[in-house]
Amino acid sequence: MNTHDMNDHTGHDGNNNHGHHEMDINGSRHSGHGGGHVAHHRMMIMDFRRRFYVSLFATIPVLILSDFIQNLLHYSLIIPGSRYIVFTLSTFIYFYGGWPFLKGFKDELSKKLPGMMTLIAVAISVAYAYSGVVTFGFEGTPFYWELATLIDIMLAGHWIEMRSVVSASAALEKLAGLMPDIAHRKTGDAINDVPLKEIKKDDVIVVKPGEKIPSDGIVVAGTGYVNESMLTGEARPVKKGEGDRLVGGSLNDDASFEMRVSGTGEDSYLAKVVAMVRDAQAEKSRTQALSDKAAMWLTIIAIAVGITTLIAWLLSGRGLQFSIARMATVMVITCPHALGLAIPLVAARSTALSARNGLLIRNRTAFENSRKITTVLFDKTGTLTKGSFEVSDVAVYDGAFDERSVIGLAAALETQSGHPIAKGIVEKAKAMGVRIEPVSQFREIKGRGVEGSVDGRRVIVAGPGYLKETGLQEPGGGEKSTGETRVFLIADDKPVGSIALSDAIRPESRKAIKKLKDRGIECLMMTGDNRWAAEKVSGELGMDGFFAEVLPDQKLEKVRELQERGEYVAVTGDGVNDAPALAQAQVGIAVGSGTDVAAETADIVLVNNNPLDVAELILFGRATYRKMVQNLVWATGYNVVAIPLAAGVLYGAGFVLSPEIGALLMSLSTVVVAVNAGFIKIRKD
């Protein structure tokens with residue numbers, strides 16, 4: 001039995017109050033960061049969606065009236081002035097649907113970083129300008145249908161992409177929501193309810209049973225249990241008494257406290273956790289997408305080849321019309337239908353597949369980068385373990401009793417208690433089919449256990465601290481610390497048995513750790529729980545190591561230490577205490593049963609709360625990345641072949657790539673990219 005950590009019914013006796021490593025963080029410098037960004041992001045998504053549908057509607061008549069489409073589908077539709085109708089519709093599509101790309105082109109030029117927006121803007125501008133002069137007398141073939149479909153597809157791609165990027169700023173609102181609105185301030189003998197914002201340092205506050213603690217402070221009167229699991233990850237309520245520290249946002253379980261306020265507002269522990277989340281999110285690397293890099297080079301090449309083509313044909317003595325047609329063909333067939341969809345199509349497919357398999361992707365970049373993970377840091381409680389106490393061992397010290405009678409008597413008392421340990425004992429009695437007798441004269445032994453009368457016998461269920469206080473001999477002289485919580489059944493003033501309870505390990509955890517280690521990924525655990533409990537779980541799962549008794553700021557520091565060592569870190573957790581570490585990690589993974597704030601801070605949410613999904617996530621991330629690379633290779637490879645042909649390098653051999661054939665090849669490359677994206681699958685093994 002763990003006599004060091006187990007001094008009372010819960011096994012803590014305040015020993016797990018590790019302090020709150022204060023951080024020099026000025027939360028005010030982050031003000032105005034979150035809500036405005038979220039609102040702006042949503043407005044942009046709505047704008048792309050609206051422009052896509054409106055442009056798509058205007059594209060339909062452009063396609064119907066296109067000579068190339070009519071020839072391709074073998075129909076004829078002649079409408080007087082159709083060329084001017086198509087020009088008018090295309091002008092609307094160019095300026096309305098193409099506006100985000102024209103504006104993006106201007107922004108990229110101002111930053112001297114040409115990319116996808118530049119390439120799209122150049123392609124649609126050349127197609128529109130050339131088609132316009134052809135409509136009004138210049139000899140050639142207009143590119144209206146290519147122009148319209150390019151804008152539609154690019155709008156759809158950007159809409160899909162932006163929807164997959166969800167701001168984590170809502171996590172800060174969830175954290176702030178842990179605090180109550182009202183506090184009971186004590187002045188002399190009077191107690192008044194006041195708004196939380198009016199509470200100041202050194203005020204005395206009364207906290208009633210079942211209420212959230214409104215600020216950081218020190219207990220000045222009262223003894224009881226506080227649930228800090230939302231903040232520290234500790235599974236068991238922690239005993240608090242005079243002089244102990246209380247953390248704002250934690251839950252008062254079973255007694256009234258009087259506390260003196262030590263920190264409010266930006267000085268509170270919770271506010272510092274909020275600041276850490278903001279800092280970690282702001283520092284998260286923003287890796288430039290492969291498509292943007294490819295588009296930058298494709299833009300430079302397309303513009304250079306287009307201008308070179310025009311000049312070369314003019315210098316060779318060809319006419320202006322022929323030379324411009326060659327240049328326009330180069331520019332149009334270079335337009336990035338396939339390149340623009342290479343990543344969004346795979347992303348859309350992988351996101352849908354992930355959702356159906358219990359993985360909600362909130363940050364696509366982090367998901368794609370999951371292939372790089374070298375170390376996974378697991379939270380213990382609620383992630384690797386179930387987060388609820390289960391009976392792991394029953395010891396009998398008196399021949400007049402057996403395992404069933406020990407469980408039965410203990411359960412009779414514990415049915416009257418709402419303590420997590422009590423629930424574990426009652427559940428065990430039900431599972432064993434033991435009859436639970438009625439109890440009379442029930443009372444709680446404050447901070448130690450419960451007692452009552454069962455079948456006329458005085459029975460007590462209490463921790464080792466009660467045995468020491470009453471001078472009762474602990475059977476066996478104490479047992480080795482195992483990370484379990486052990487309570488004793490005392491009948492007629494004599495210990496007759498004991499029950500050990502532990503936070504049960506999830507059955508999937510062992511397989512998950514093995515799969516990750518088999519792939520060369522280091523598996524570590526960090527928890528706010530005591531060292532014995534952490535060592536027990538880590539050992540049973542065969543993990544590479546653990547960090548015990550760590551608070552949120554310390555968890556974040558552990559992640560940073562690993563990153564400074566060159567590790568690519570994923571963090572898996574389920575509570576507010578994990579939020580800063582989830583935000584700091586390259587890949588943050590929240591289990592589905594966890595708090596909302598953990599899910600909001602994480603890059604990926606495991607809906608099914610299954611540690612095995614971490615391994616599946618990494619494998620699927622690798623598969624997704626491979627598909628993206630394949631699509632990018634095809635999309636850029638198409639241009640490597642098509643651009644020289646469009647420029648007329650084989651003109652001397654009698655071959656010239658016409659704009660129509662170029663557009664057809666461009667469409668074919670898009671189909672190939674789409675089909676390839678459809679082959680991506682999640683492989684369960």
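The values are calculated or read from the model by the stated rules, or taken from the named source; none is laboratory data. The shown structure was predicted, so the numbers you read here are calculated from the model rather than taken from an experiment. Glycine also receives a Cβ, built like all others from the backbone with ideal geometry; neighbour counts cover every protein chain displayed. Remember, those area values only see protein heavy atoms, side chains included, never the ligands or the DNA or RNA. Shrake-Rupley method; radii C 1.70, N 1.55, O 1.52, S 1.80 Å.
Residues that are of a type outside the set (Gly, Ala, Ser), within 29 Å of the chain's Cα centre (by Cα), surrounded by 18 or more Cβ atoms within 10 Å (Cβ to Cβ) and modelled with pLDDT under 80 occur in the stretch 325-339; there is at least one.
Could you go through the stretch 119-128 and let me know if any residue there is free of Cβ contacts under 8 Å to residues at least 24 places away in the same chain and farther than 23 Å from Met327 by Cβ. No: the stretch 119-128 contains no residue that is free of Cβ contacts under 8 Å to residues at least 24 places away in the same chain and farther than 23 Å from Met327 by Cβ.
Listed by first and then second residue, the pairs with beta-carbon distance under 8 Å, at least 6 apart or on different chains, first residue in the stretch 660-685 and of a type in the set (A, V, I, L, M) and open to solvent by less than 80 Å² (accessible area, probe 1.4 Å), second modelled with pLDDT under 70 and not in a helix (DSSP H, G or I), are Met666/Cys335; Ile682/Asn357.
Pick out the one residue from Thr88, Thr59 that is open to solvent by less than 60 Å² (accessible area, probe 1.4 Å), part of a helix (DSSP H, G or I) and either out of contact with any strand residue (DSSP E or B) (no Cβ under 6 Å at 6 or more places or on another chain) or free of Cβ contacts under 8 Å to residues at least 24 places away in the same chain (or both). None of the others qualify; the one that does is Thr59. For Lys372, the conditions (1) closer than 30 Å to Met628 by Cα; (2) crowded, with 22+ Cβ neighbours inside 10 Å; (3) modelled with pLDDT of 80 or more all hold with the exception of (2). All conditions but one from (1) out of contact with any strand residue (DSSP E or B) (no Cβ under 6 Å at 6 or more places or on another chain); (2) in a strand (DSSP E or B); (3) open to solvent by less than 20 Å² (accessible area, probe 1.4 Å); (4) not hydrophobic (A, V, I, L, M, F, W, C) apply to Ser388; the one that does not is (3). Elements of the type strands (runs of 3 or more DSSP E) sitting completely within the stretch 397-465 and holding at least 2 residues that are open to solvent by less than 20 Å² (accessible area, probe 1.4 Å), of a type in the set (Lys, Arg) and without any contact (Cβ under 8 Å) to a residue 40 or more places away in the chain: there are none. When Met116 is tested against (1) surrounded by 15 or more Cβ atoms within 10 Å (Cβ to Cβ); (2) more than 28 Å from Ile643 (Cβ to Cβ); (3) modelled with pLDDT under 85, exactly one condition is not met: (2). Scanning the stretch 247-264 finds no residues that are out of contact with any Lys or Arg (no Cβ under 6 Å at 6 or more places or on another chain), crowded, with 24+ Cβ neighbours inside 10 Å and modelled with pLDDT under 75.
In this structure, is Ser538 buried (at least 24 other Cβ atoms within 10 Å of the Cβ), among the hydroxyl-bearing types (Ser, Thr, Tyr) and outside any loop (DSSP other than H, G, I, E, B)? Spelling it out, Ser538 is indeed buried (at least 24 other Cβ atoms within 10 Å of the Cβ), among the hydroxyl-bearing types (Ser, Thr, Tyr) and outside any loop (DSSP other than H, G, I, E, B).
Of the residues making up the stretch 65-81, those that are open to solvent by 100 Å² or more (accessible area, probe 1.4 Å) and closer than 24 Å to Leu665 by Cα are Asp67, Asn71, Leu73, His74. The set of residues from the stretch 189-221 being closer than 18 Å to Leu251 by Cα, assigned to a loop (DSSP other than H, G, I, E, B) and in contact with a Gly (Cβ under 9 Å, 6 or more places away or on another chain) comprises Pro209, Ile213, Pro214, Ser215.
For the residues Arg362, Arg286, Arg349, Arg356, the requirement of being at pLDDT 70 or above, open to solvent by 50 Å² or more (accessible area, probe 1.4 Å) and of a type in the set (Lys, Arg) singles out Arg349. Candidates in the stretch 17-69 are the residues that are of a type in the set (Asp, Glu) and modelled with pLDDT under 85; of these, the one that is nearest to Lys555 (Cα to Cα) is Glu22. Every condition in (1) modelled with pLDDT of 80 or more; (2) open to solvent by 60 Å² or more (accessible area, probe 1.4 Å); (3) over 24 Å from Gln554 (Cα atoms) holds for Val206 except the one numbered (2).
Of all residues in the stretch 228-246, which are among the hydrophobic types (A, V, I, L, M, F, W, C) and either touching an Asp or Glu at 6+ places or on another chain (Cβ under 8 Å) or at pLDDT 65 or above (or both)? Within the stretch 228-246, Ala235, Val238, Leu246 meet the criteria.
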